[in-house]
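The values are calculated or read from the model by the stated rules, or taken from the named source; none is laboratory data. As the structure is a prediction and not an experimental result, all values here were calculated from the model. Here Cβ is always computed from backbone atoms with ideal geometry, including for glycine, and neighbour counts include all displayed protein chains. Side chains included, ligands, DNA and RNA excluded: accessible areas come from the protein's heavy atoms. Shrake-Rupley method; radii C 1.70, N 1.55, O 1.52, S 1.80 Å.
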Amino acid sequence: MTVFCATSNPGKLREFLLAARCFAADQVRFQVLPGLDSVPPCAESGSSFEENATQKALHYSSFGPGIVFADDSGLVVPALDGEPGVRSARFAGEDATDADNNRLLLEKLAAASDRRAIFVCVLALAEQGRLRATFRGEVAGVILDRPRGAGGFGYDPLFYYPPLSATFAELSPEQKLQVSHRGVALRKMIGFLLAQASHA
């Protein structure tokens, strides 16, 4: 079964492809939506991860063959009233880099005693403009006062995961996928797809 993904984020794409191998034994194959670069971008105007993921899935599925999924994910920090939240990728501005976003996060948490954080991922599955399902994954951690590790992307170097005594940037891709917010959501979505295929 081939499912198309609507993302141009190389870090997310690597995790999607790894999930197909780890969780589906390649019974489910993920491919970038054909012609994604020429599709008009989707305005992400939602106030929640679910709303944004759904907007994107519905938008991009109307341009593609078969089933399409989209991801909306980010970091929720209680001490910052839930920021950066749905604006995680644009926390320091529309053209912000990962380093810019990480730097702003550290600045805002400089005086905070509560450094808890939750990574959230929502995947939305749609077909020809019709929503099929959404899948949510969460993982709790702590924001360190400086980056650690050379792997991952986004806020991974600052996100410390106590059960493994490491930041997400210090884990191997396989280790991270087993415990991450995106891994949880992907496992749910792949299980749904396999169940649907078995009843087809």
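Output the residue which, of all residues in the range 68-101 that are β-branched (V, I, T) and open to solvent by less than 30 Å² (accessible area, probe 1.4 Å), is nearest to R132 (Cα to Cα).
Among residues in the range 68-101 that are β-branched (V, I, T) and open to solvent by less than 30 Å² (accessible area, probe 1.4 Å), the one nearest to R132 (Cα to Cα) is V68.
Among the numbered conditions (1) farther than 16 Å from R14 by Cα; (2) touching a residue at least 60 places away in the same chain (Cβ under 8 Å), the only one that G137 does not meet is (2).
So, in the range 102-123, of the ones that are more than 17 Å from S88 (Cβ to Cβ) and either in a strand (DSSP E or B) or hydrophobic (A, V, I, L, M, F, W, C) (or both), which residue ends up most open to solvent (accessible area, probe 1.4 Å)?
Going through the qualifying residues, I end up with A111.
For the range 144-167, a residue qualifies if it is open to solvent by 50 Å² or more (accessible area, probe 1.4 Å), closer than 24 Å to N9 by Cα and without any contact (Cβ under 8 Å) to a residue 24 or more places away in the chain, and the qualifying residues are R148, A150, Y160.
Among what's in the range 26-39 and is assigned to a helix (DSSP H, G or I) and open to solvent by 30 Å² or more (accessible area, probe 1.4 Å), pick the residue that is farthest from V179 (Cα to Cα). Within the range 26-39, the match that is farthest from V179 (Cα to Cα) is S38.
To keep it simple, each residue is scored yes or no on (1) more than 14 Å from P173 (Cα to Cα); (2) not aromatic (F, W, Y).
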residue	(1), (2)
L13	no, yes
A19	no, yes
F23	no, no
Q31	yes, yes
L36	yes, yes
V39	yes, yes
T54	yes, yes
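Tell me yes or no: at least one residue of the range 52-61 is small (G, A, S) and in a loop (DSSP other than H, G, I, E, B). No, there is no match, as no residue in the range 52-61 is small (G, A, S) and in a loop (DSSP other than H, G, I, E, B). Restricting attention to the range 125-159, the residues being touching a strand residue (DSSP E or B) at 6+ places or on another chain (Cβ under 9 Å) and not in a loop (DSSP other than H, G, I, E, B) number 17.
For the range 1-25, the set of residues classified as over 25 Å from Q128 (Cβ atoms) and in a loop (DSSP other than H, G, I, E, B) consists of A25 only.
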